[in-house]
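Asker: For reference, the structure I am asking about is given below.
Nothing in this text is a laboratory measurement; each read-out follows from the coordinates by a stated rule. Note that the coordinates shown come from a computational prediction; the quantities given were computed from them, not determined experimentally. Positions of Cβ are generated from backbone atoms using ideal geometry, with glycine treated the same way; all protein chains shown enter the neighbour counts.
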Amino acid sequence: MEAHFGAEHFDKVAATYESGSTNRTTNFARDLIALVPPISQTSIVLDNASGPGIITGEILKQSVASDSPPHIYATNISPAMI
């Protein structure tokens, strides 16, 4: 049976989504970003199903040296996650 989670589920787990000492999602995000072409200030990024913005945050951390970070759109079904 396939599980389907709606906005209500993610509203409840938003505060603890990336808690704990492992930060698995953050580490996975860093690994994924390393595989894509370089993201520059002229890039436009869609972080769909962004959750609490882990991918967006990692992209911004990597572009800190740049005066103009890329343009990022982050979307999620759960307002509490954004």
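Asker: Among the residues of the stretch 51-82, what is the count of those that are closer than 16 Å to Val36 by Cβ and in contact with a helix residue (DSSP H, G or I) (Cβ under 6 Å, 6 or more places away or on another chain)?
Answerer: Result for the stretch 51-82: 5.
Asker: Across the stretch 62-76, which residue is nearest to Phe5 (Cα to Cα) among those that are exposed (fewer than 14 other Cβ atoms within 10 Å of the Cβ) and either touching a residue at least 40 places away in the same chain (Cβ under 8 Å) or under 13 Å from the mean Cα position of the chain (by Cα) (or both)? Explain how you work it out, then say what you get.
Answerer: Quick first cut of the stretch 62-76, residues exposed (fewer than 14 other Cβ atoms within 10 Å of the Cβ) only: 64-68, 71, 73, 75.
Next, from what is left, pick out any that are either touching a residue at least 40 places away in the same chain (Cβ under 8 Å) or under 13 Å from the mean Cα position of the chain (by Cα) (or both): 73, 75.
Details: Tyr73: 22, Thr75: 16 Å.
Applying the filter and picking the extreme gives Thr75.
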